[in-house]
Amino acid sequence: MNSTRLWSAIAVLVLASSVGDVLLSAAMKRIGDLDALRSSKGLFAVIARVCTEKLFLLGVLCLAFSFFCLLAALSWGDVSLVAPASASLTFLCSVLLAKFFLKEDVDYRRWISAALVCMGVALLAK
Amino acid sequence: MKLKTCLIYIAIACCNGAGDVLLKRGMQQVGEIHLAHWTHVFAAVANPWVILGILCLAGFFYSYLTALSWADLTYVLPATAFGYVVTAVLSKYFLHESISLSRWTGVLLIAGGVGLVTRGPSLTEPQLERALVEQEVI
């Protein structure tokens, strides 16, 4: 029962933070080159532009929600399990969502790299 | 890889890694926070290491957003994972934590993954065209 609760918290937090990443990415593609905007209109124009983008705000909301799920998961399970499991699963989940929702061209390089980074992150927390 | 992309990758990884290590250093000074006295968290914000850490993480978020405005999410994500490598190296030399063999293996795998993805294209083609059109409009 307890492990069901822990893994559902991890599943929810992985999903929320991947969705957050995808929304941030979509928001930034809509806004365009941030550095060009900064050099032409200044930093405050960048902040104003980013903070009025609905997708960005939704993305931040998702990331904040996933942070609170992380806190809950940490209170139910060991850091050495929760941190690597959520980080590496979020990585894989983001790649999948980016492929299907952002229609990114995930070629063999990116798949292999996703697998390597995923394993690496899991090993790091040992 | 263009110089600008390379610099933003380094900024993401270093700010992420340094931010975490600085926060850890600060929280070591502040001490453990108990749930019954959770308001002590606010005292932590006055700690200079914590302030530096938060500044670093703000820098990380800004460079992450900038990178996302240029490149695919699947291209930028490995850069954030590279931050874990920076964290590992910094925590060895700055916090004097011992790094096990399996952690170094993890560091190598992540570095390999980052090296692989940066050899490919950074932006999916249709999005590149759209980005160019938008730039001309602006």
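FYI, it's all coordinate maths here, none of it is from the lab. Quick caveat, the model's predicted, so the values are computed rather than measured. Every residue, glycine as well, gets a Cβ built from its backbone with ideal geometry; the counts of neighbours run over all protein chains shown.
Points to keep in mind about this one:
- Rounded to 10°, Cα long-axis angle of helix B:3-30 versus longest principal axis of chain B: 10 degrees
- Entry note, the protein assembly as shown: the mean residue ellipticity at 222 nm calculated from DSSP H runs of n ≥ 4, each adding -39500 (n - 2.57), is -27500 deg cm²/dmol after division by the residues and rounding to the nearest 500.
- The alpha-carbon of residue B:92 sits under 16 angstrom from the alpha-carbons of these lysines, leaving out residues fewer than 8 places away in its chain: A:126, B:24.
- In terms of its alpha-carbon gyration tensor, chain B comes out oblate; a/c meets the 1.5 threshold, while b/c is at least as large as a/b.
- Footprinting exposure proxy for B:62, B:84 (fewest neighbouring C-beta atoms within 10 Å first): B:62, B:84
- Cα-centre dipole for the protein assembly as shown with unit charges at Cβ (Lys and Arg positive, Asp and Glu negative), debye to 20: 180 debye
- Relative contact order for chain B: 32 percent, from Cα pairs under 8 Å spaced at least 6 residues apart, divided by residue count.
- In chain B, the longest principal axis of the Cα atoms and the axis of helix B:48-70 are about 10 degrees apart.
- With neighbour counts taken as other beta-carbon atoms within 10 Å, the residues B:92, B:2 rank, fewest first, as B:2, B:92.
- Summarised as an ellipsoid, the protein assembly as shown has semi-axes of 30, 22, 19 Å, derived from the eigenvalues of the Cα gyration tensor scaled by 5 and square-rooted, with the largest first.
- Within straight-line reach of residue A:41, meaning a Cα separation under 20 Å, sit the following lysines at least 8 residues removed in sequence or on another chain: A:29, B:4.
- Here the residues A:101, B:82, B:60, B:42, ranked from fewest to most Cβ neighbours within 10 Å of their Cβ, fall in the order B:42, A:101, B:60, B:82.
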